[in-house]
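Undergrad: Dumping the structure here so I can ask a few things about it.
The values are calculated or read from the model by the stated rules, or taken from the named source; none is laboratory data. Remember, predicted model here, so these are calculated numbers, not experimental data. Counting neighbours? That spans all protein chains shown, and the Cβs are built from the backbone with ideal geometry, glycine included.
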């Protein structure tokens, strides 16, 4: 059953609205990230991060900084719809959780396995055969020179 031209055009319009909405949300998130980065930069000299004995202050700073990094990766994912960007967001979010939170040993093991699976997925399932074939000769050329 073929779609009528009206519904085909309606699909395009709805898709365009959704895409524009994603871009608008990406811009808003980016603006908030920039504001929070500037705020963190201005408050850094007066904070307790530079006092080596204050581990709690450093942990709080690290948590805020890594949240911003995950936010940047999320914006990249919204703008560029590829499996690679999704995996990058998951990598950063998992690593952030493992670094900032004080996890039990079994939770660290699960997080490490999750990161290993994400790296393996990126390497073996997402790379195209063309990338694999072009990367090998270039490595051989550099070895010969």
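Undergrad: Could you say which residue among 87, 108 is at pLDDT 90 or above, farther than 27 Å from residue 44 by Cβ and surrounded by 14 or more Cβ atoms within 10 Å (Cβ to Cβ)?
TA: Details: 108 fails: surrounded by 14 or more Cβ atoms within 10 Å (Cβ to Cβ).
From the options 87, 108, the qualifying one is 87.
Undergrad: Quick check, is residue 3 modelled with pLDDT under 90 and within 24 Å of the chain's Cα centre (by Cα)? Give the steps one after another, and end with the answer.
TA: On the way: modelled with pLDDT under 90: yes; within 24 Å of the chain's Cα centre (by Cα): no.
So residue 3 does not fit the description; no.
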